[in-house]
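**Q** This is the structure I want to talk about, given as structure tokens.
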Amino acid sequence: MTDISVEVCGLRLRNPTMLASGVLDETARSMLAVAKSGAGAIVTKSIGIEPRSGHPNPSVVELEDGLLNAMGLPNPGIDLFSKEVKEARKGGVPIIGSVFGGTEEEIAELAGMMAEAGADAVELNLSCPHAKGYGAELGSSPERVETSCRLAKRACGVPVFAKLTPNTSYIAELAKAAERGGADAVVAINTLKGMAIDPEAGMPILGNRFGGLSGPAIKPVGIRCVYEIYESVEIPVIGVGGVTTGRDAVEYIMAGAQAVQLGTAVWIRGEKVFREVCREISQFMKENGYDSVKEMLGVAHSGRH
Amino acid sequence: MLTLAGIRLLSVRKNSSETASVKTVRLGGELEAVPGQFVMVWVPGKDEFPMSVSYPGSNFGITYQVLGEGTRALAEMANGKKVGIRGPYGRGFSIKGRKLLMIGGGVGMAPIAPLVDIARAKRLSVDLVIGAKTSDDLLFERRATRAGAKVHISTDDGTKGFKGFASELATELLDSAGPDHVFACGPEKMIVKIVAAASRRKIPMQASLERHMKCGIGICDSCALDGVHVCKEGPVFPLEELRKFGDLGVTKLDPAGRRVPV
Ligand SMILES: Cc1cc2nc3c(=O)[nH]c(=O)nc-3n(C[C@H](O)[C@H](O)[C@H](O)COP(=O)(O)OP(=O)(O)OC[C@H]3O[C@@H](n4cnc5c(N)ncnc54)[C@H](O)[C@@H]3O)c2cc1C
Ligand SMILES: Cc1cc2nc3c(=O)[nH]c(=O)nc-3n(C[C@H](O)[C@H](O)[C@H](O)COP(=O)(O)O)c2cc1C
């Protein structure tokens with residue numbers, strides 16, 4: 001029997017697919033719909049202390065092999081969002097509350113409030129590449145990543161995940177810093193900082209000029225990051241970046257990810273993508289003689305050239 | 001054809017006034033769209049916002065109310081200036097029935113006008129309510145009359161036709177004109193009233209809804225309505241779905257995702 005359920009930091013997931021932060025997760029009803037469509041867990045939109053409208057439109061550019069986005073962390077603020085978390089939990093899958101902040105203290109405070117709202121785990125977004133003052137600057141400093149994790153751990157009693165930026169040459173160092181700070185898992189990767197210019201208009205398309213690249217285009221970067229991190233830390237890794245098919249998920253698992261997150265794939269294949277990717281993972285496992293996801297974990301490290 | 005993903009830059013061919021506050025811009029380019037589908041309109045350097053297609057096909061166009069910074073910038077664009085378009089997106093109206101009642105409230109006439117054109121080209125009977133605050137704001141009356149629709153005018157202030165809300169005139173026509181399918185676009189309060197009236201009479205209907213849209217492609221959750229994404233699963237919904245929306249006519253999300261009254 002092929003079993004695709006997994007356990008990550010004590011969270012039992014019926015399958016290894018999670019909804020990535022920022023996609024269809026600003027309202028409880030949307031998260032409930034994604035839970036119904038088969039996701040094993042849901043990561044909420046990144047939430048801050050105050051309401052934020054985000055960057056001016058255009059906030060997405062559709063590319064052949066992915067998306068460029070500069071939503072700019074729009075969110076209603078933690079006070080209002082707490083209600084959405086409570087409601088979303090009725091879907092019966094773990095809700096992982098994503099938070100962002102300008103300082104380590106703010107991030108920790110938000111982590112505590114997320115846990116209080118009922119989140120099963122907290123994901124620290126230490127990696128948004130396009131919101132000034134948040135994420136990127138803090139998230140590319142190992143010291144600040146470590147402190148953020150340490151303070152967040154102190155502020156809440158649920159597992160803490162540190163979501164890392166690939167916009168650095170030392171992602172494994174960031175992962176080690178998160179582990180030192182007491183993070184229960186690392187999530188890699190957030191989007192790659194990018195830009196698109198419309199030649200006819202002669203100007204950047206995104207309202208914020210800079211944005212983050214996601215989707216199939218970034219999968220090789222995500223795989224490499226997960227592979228490097230897996231060799232550097234003991235804590236679990238969750239893989240994100242371009243997972244669109246079951247084979248993509250298997251690739252991440254073999255690189256060392258205990259679970260994967262899907263964002264842009266929802267645009268490419270619709271909400272049904274969760275169920276389909278799970279079916280494809282099962283199919284792959286059957287064809288290749290794997291009985292559990294665990295058997296595939298990190299196998300690409302042992303048989304290397 | 002312009003149905004590929006990504007922004008296409010098109011030139012303003014004609015940017016003309018329909019009423020004091022509504023303009024139509026024709027963009028030299030072809031865009032096939034079902035009435036009710038929308039495009040994301042990028043005014044380079046200013047803003048990008050959703051607009052229904054009011055003229056599908058070659059020399060396609062949109063009809064817009066001049067409201068804030070984005071539409072003001074669009075209104076000032078001279079011939080030859082470039083506008084970015086992506087889409088068409090979403091689910092449009094699907095023509096059903098033989099005796100149709102259509103209602104366009106205010107700039108809600110933008111997607112209804114091409115629907116009238118198509119229904120009339122199929123020789124279907126069309127009773128059309130055009131509603132506006134005052135007679136100067138009536139949109140596409142001549143276009144619909146030419147297409148052969150039976151046009152009924154309503155103005156809130158009674159300066160032309162029926163005095164009152166378009167939903168009241170539409171409710172009368174549900175009984176007197178005997179439609180077998182209803183199509184509506186306009187203010188949400190108007191749609192809510194027509195949904196109630198059509199439900200009571202068990203007459204099928206479709207209506208186009210509006211929510212704040214950022215991505216337009218069903219991922220960002222800004223246009224969520226009871227867990228449904230208006231940009232992708234809508235903006236046009238059939239009666240069965242309209243009736244299920246607890247938030248219809250009650251709350252919507254602002255750009256930060258806070259619930260505010262409609
Ligand atoms: C599917 C759809 C089709 C539409 N079709 C038409 C149309 O054919 N003609 C027309 O005149 N208007 C249409 N609208 C409304 C139109 O998008 C807004 O009037 C326009 O964005 C206003 O922009 P602004 O910058 O001029 O005004 P702002 O000052 O930015 O805003 C004025 C008001 O417009 C609304 N608005 C602003 N940005 C958006 C957005 N991104 N999405 C939705 N609403 C917004 C808000 O309610 C706001 O209060 C449509 C909206 C949707 C969702
Ligand atoms: C529209 C959009 C919004 C996003 N918002 C967030 C966010 O609020 N917080 C966050 O940590 N990541 C955010 N991300 C990044 C994703 O969670 C994910 O890390 C990235 O898109 C790579 O995965 P994918 O290729 O499956 O999309 C966003 C991505 C997209 C496309």
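Read-outs throughout are calculated quantities, based only on the coordinates presented, and are distinct from any laboratory measurement. Bear in mind the structure is a predicted one, so any value in this text is a computation, not a measurement. Don't worry about glycine lacking a Cβ; one is built from the backbone with ideal geometry, like all the others, and counts go over all protein chains shown.
**Q** May I ask you to list the GluC sites (Glu not before Pro) in segment A:33-90 that are in a DSSP loop and have at most 14 other Cβ atoms within 10 Å of their Cβ?
**A** Those satisfying the criteria are A:64.
**Q** Related question: So how tilted is helix B:166-176 from the main axis of chain B? Cα-based, degrees 0 to 90, rounded to 10.
**A** For helix B:166-176, the angle is close to 40 degrees.
**Q** Starting from the amide H of residue A:292, placed 1.01 Å from N in the peptide plane, find each other amide H under 5 Å away whose residue is 5 or more places distant or on another chain.
**A** Under 5 Å from the amide H of residue A:292: A:3.
**Q** Compute the Cα gyration tensor for chain A, then decide on rounded, prolate or oblate, letting a ≥ b ≥ c be the square roots of its eigenvalues: rounded whenever a/c is under 1.5, prolate when a/b is larger than b/c in the other cases, and oblate in all that remain.
**A** It comes out rounded by the Cα gyration axes.
**Q** If I model a spin label at residue B:240 and residue B:160 as a point 7 Å from the Cα along the Cα→Cβ vector, what separation in nanometres do I get?
**A** 3.9 nm
**Q** Across chain A, where is the longest run that never hits trypsin sites (Lys or Arg not before Pro) in a DSSP loop with at most 11 other C-beta atoms within 10 Å?
**A** Here the longest run is A:1-271.
**Q** Separate question: Across peptide B:39-47, how many C-beta atoms of other chains are within 10 Å of each residue C-beta, on average? Could the numbers behind the result be given before it?
**A** Values: counts 0, 4, 1, 6, 2, 8, 5, 3, 4.
The mean count of partner-chain Cβ atoms within 10 Å per residue comes to 4.
**Q** What is the Cα coordinate range of segment B:2-89 on the first, second and third principal axes, sorted by size from largest, in whole angstrom?
**A** 31, 25, 21
**Q** While we're here: Please check which bits of segment B:220-254 a label hung off residue A:272 would reach, taking the label as a point 7 Å along Cα-to-C-beta and the cut-off as backbone N under 17 Å.
**A** Counting only backbone N, you get B:229, B:232-234.
**Q** While we're looking at this one, here's another question. By the gyration tensor of its Cα atoms, with a ≥ b ≥ c the square roots of the eigenvalues, what is the shape of the protein assembly as shown: rounded for a/c under 1.5, prolate for a/b over b/c, or oblate?
**A** It is prolate, given that a/c is not under 1.5 and a/b is the larger ratio.
**Q** Under a point-charge model restricted to the Cβ atoms of Lys and Arg (+1) and Asp and Glu (-1), what is the dipole moment magnitude of the protein assembly as shown relative to its Cα centre, in debye to the nearest 20?
**A** 1960 debye
**Q** Next question. Find how many whole Å separate the alpha carbon centroid of segment B:191-221 from the alpha carbon centroid of segment A:163-177.
**A** Computed from Cα coordinates, the inter-centre distance equals 45 Å.
**Q** Antiparallel DSSP bridges in segment B:99-261: what percent, to the nearest 5?
**A** Just about 25 percent of them are antiparallel.
**Q** Using a Förster radius of 51 Å, what is the FRET efficiency between residue A:86 and residue B:176 based on their Cβ-Cβ separation? Nearest 0.05, please.
**A** Numbers: r = 49 Å, r/R0 = 0.96.
Calculated value: 0.55.
**Q** Go ahead and estimate [θ] at 222 nm for chain B from helices alone: -39,500 (n - 2.57) per DSSP H run with n ≥ 4, summed, over the residue count, rounded to 500.
**A** Result for chain B, helices only: -6500 deg cm²/dmol.
**Q** Per residue of A:239-251, how many C-beta atoms from partner chains lie within 10 Å of its own C-beta, taken as a mean?
**A** Mean number of neighbouring Cβ atoms from other chains: 0.
**Q** Using helices alone, what [θ] at 222 nm do you get for chain A, with -39,500 (n - 2.57) per DSSP H run of 4 or more residues, divided over all residues and rounded to the nearest 500?
**A** -11000 deg cm²/dmol
**Q** Same structure, new question: Report, for chain A, the % of DSSP beta bridges that are antiparallel, rounded to 5.
**A** Given both bridge residues lie in chain A, the antiparallel proportion sits at roughly 40 percent.
**Q** Give the average, rounded to an integer, of partner chain Cβ atoms located within 10 angstrom of each Cβ in A:197-208.
**A** 4
**Q** Moving to a separate point now. Once the piece of chain linking residue B:21 and residue B:142 is laid out straight, how much longer is it, given 0.36 nm per residue of separation minus the C-alpha distance between them?
**A** 41.8 nm
**Q** Once label points are set 7 Å from the Cα along Cα→Cβ at both residue B:201 and residue A:50, what is their separation, rounded to one decimal in nm?
**A** Calculated label separation equals 5.1 nm.
**Q** State the antiparallel share, in %, of DSSP beta bridges confined to the protein assembly as shown, rounding to the nearest 5.
**A** Of the beta bridges lying entirely in the protein assembly as shown, close to 50 percent run antiparallel.
**Q** Turning to a different aspect of this structure: If you take the square roots of the eigenvalues of the alpha-carbon gyration tensor of segment A:162-305 and sort them as a ≥ b ≥ c, do you get rounded (a/c under 1.5), prolate (a/b over b/c) or oblate?
**A** Because a/c hits 1.5 or more and a/b fails to exceed b/c, segment A:162-305 counts as oblate.
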